[in-house]
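Read the structure below first, then the notes.
The values are calculated or read from the model by the stated rules, or taken from the named source; none is laboratory data. Remember, it's a predicted structure, so these values are computed and weren't measured experimentally. Cβ placement follows ideal geometry from the backbone for every residue including glycine, while neighbour counts extend to all protein chains displayed. Ligands, DNA and RNA are stripped out before the accessible areas are found, and what is left, the full protein with its side chains, is counted by its heavy atoms. Shrake-Rupley method; radii C 1.70, N 1.55, O 1.52, S 1.80 Å.
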Amino acid sequence: MLELGIVALTTFFVTIGPVDVAVVFAVLSQGMSPAQRRAMAIRGALVAGGILLLFALVGEALLSILGISLAALYTAGGILLLLIGIDMVFARSSGGVSATAAETQEARTRKDLSIFPLATPLLAGPGAMGAAILMMSRAEGDPAAQVVVLGALVAVMVLALVCLLVASRLQHWLGVTGAHVLTRILGVLLSALAMQFIFDGLQRSGLLGA
């Protein structure tokens, strides 16, 4: 149970990226009042949390209806996370955990950033959604394990909200270089986790034997 909690916390922290999102939010919300930033941060975190909780609770059931096996989910999810991890290691923008260049440009013209791009795709991006489904599938229908996974998700979202509320300070403390260093470190960790998901998926499929 402890191992599951640590893996869930790590996976959600890397795929949601509270610090990276806060730095981007600080840049996009320049010129706005502290009250506007605070309101957008709270609303964005709540919407993103709701999206991820929804995927965590019904994602596996939806995949089952579509006839997608856990082996396929583990393998495909692992590949997705691996691609994201590689982009993070090389400090490249990825639509999996961040807004694309076109989305960022569109966001600069918006007065309310809470839903787009903050809630999605910055906080609740494809990587985080996939991670939510993957981690709940690892709980194997165990209610206690599912509570651990959901608790880890909520904890990371609370951390994300805190980071958003102090986004300007984080941007000042880290700078561009600091943010890239942190992203690269987390990218290596995510790549390792992704490979483990792929191995688990292949083993469940029977391709690697018992």
If you scan the range 8-29, which residues turn out to be under 15 Å from GLY127 (Cα atoms) and of a type in the set (A, V, I, L, M, F, W, C)? ALA8, LEU9, PHE12, PHE13, VAL14, ILE16, VAL21
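Would the range 8-18 turn up any residue that is assigned to a helix (DSSP H, G or I), open to solvent by 70 Å² or more (accessible area, probe 1.4 Å) and closer than 24 Å to ARG184 by Cβ? Lay out the reasoning, then the answer.
Narrowing the range 8-18 to residues assigned to a helix (DSSP H, G or I): 8-16, 18.
Filter once more, so that each one left must be open to solvent by 70 Å² or more (accessible area, probe 1.4 Å): 9.
Restricting the remaining residues to those that are closer than 24 Å to ARG184 by Cβ gives 9.
Scanning the range 8-18 turns up at least one residue that is assigned to a helix (DSSP H, G or I), open to solvent by 70 Å² or more (accessible area, probe 1.4 Å) and closer than 24 Å to ARG184 by Cβ.
Which residue, of ALA39, ALA22, is open to solvent by 30 Å² or more (accessible area, probe 1.4 Å) and over 20 Å from GLN146 (Cα atoms)?
Numbers: ALA22 fails: open to solvent by 30 Å² or more (accessible area, probe 1.4 Å).
Criteria check complete, one pass: ALA39.
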So VAL166 ticks every box in (1) under 18 Å from the mean Cα position of the chain (by Cα); (2) among the β-branched types (Val, Ile, Thr); (3) at pLDDT 90 or above but one. Which box is left unticked? (1)
Yes or no: the range 56-74 includes at least one residue that is in contact with a Gly (Cβ under 9 Å, 6 or more places away or on another chain) and either modelled with pLDDT under 85 or more than 21 Å from ARG204 (Cβ to Cβ) (or both). yes
Just a yes or no: is a residue in the range 137-144 buried (at least 19 other Cβ atoms within 10 Å of the Cβ), within 23 Å of GLY44 (Cα to Cα) and either touching a residue at least 24 places away in the same chain (Cβ under 8 Å) or among the hydroxyl-bearing types (Ser, Thr, Tyr) (or both)? no
Odd one out for LEU190, checked against (1) within 21 Å of LEU62 (Cβ to Cβ); (2) open to solvent by less than 40 Å² (accessible area, probe 1.4 Å): (1)
